[in-house]
Amino acid sequence: MTDTEPFEKILSDIAGMTAVDIEAGPDGAFLYAEAESMVVTAAIFKELPDKVIYNGGSVELALRILDAWDAAPDDRKWNALFMTIEGDRFDARFQYDEGWNPDEYSSDRRDRVLTAKYGDKPVDWSESSAHPRDDGTSFGWSGTVGPDIAN
């Protein structure tokens, strides 16, 4: 990232990388990521008729998420990124400190988000269910940065 790189460009890159990393196709893909200085956790999910599949994403995706965190002003550092892809568009929302419990495990927060999004549908955590695509597909992305998510 350069100091002048637009935040929207970074988010567009994250959307494109998310789409490439999920084998079942990008439409409906959901990225949940948490970040802080030099630390990121990311998980990509895709709902199928009988289950939700998981992919841990690429190292490049994780680095780009850190770029997004680093690009935020110090007084607007976010804790979590929620990104949904529909067609060739993405919607990105952020959670900040309000309602954030730093003593809670990241996996507990992630599981709560998944339950809110997918209900009781089982999650297939095996990476084999969601290998990255290797078909040379390129994506053009445009998106919106939605309102902040407080909790």
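Residue by residue, here is whether (1) more than 19 Å from residue 123 (Cβ to Cβ); (2) touching a Leu at 6+ places or on another chain (Cβ under 8 Å); (3) surrounded by 13 or more Cβ atoms within 10 Å (Cβ to Cβ) holds:
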| position | (1), (2), (3) |
| --- | --- |
| 14 | yes, yes, yes |
| 24 | no, yes, yes |
| 42 | no, yes, yes |
| 45 | no, yes, yes |
| 58 | yes, no, yes |
| 70 | yes, no, yes |
| 103 | yes, no, no |
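State yes or no: is residue 36 of a type in the set (D, E, K, R) and modelled with pLDDT under 90?
no
Can you say whether residue 10 is part of a helix (DSSP H, G or I), modelled with pLDDT of 90 or more and at negative phi, as far as the supplied structure shows?
Here the answer is yes, as residue 10 does meet what is asked.
Filter the range 101-150 down to the residues that are in contact with a Lys or Arg (Cβ under 8 Å, 6 or more places away or on another chain), assigned to a loop (DSSP other than H, G, I, E, B), at pLDDT 90 or above and not basic (Lys, Arg) and list them by number.
122
State which residue is nearest to residue 7 (Cα to Cα) when the search covers only the range 78-99 and only residues that are in contact (Cβ under 8 Å) with a residue 24 or more places away in the chain and assigned to a loop (DSSP other than H, G, I, E, B).
Once the filter is applied, the top-ranked residue is 78.
The values are calculated or read from the model by the stated rules, or taken from the named source; none is laboratory data. The model shown is predicted, which means the values in this text are computed figures rather than measured ones. Note that each Cβ is placed from the backbone with ideal geometry, even for glycine, and that neighbours are counted across all protein chains shown.
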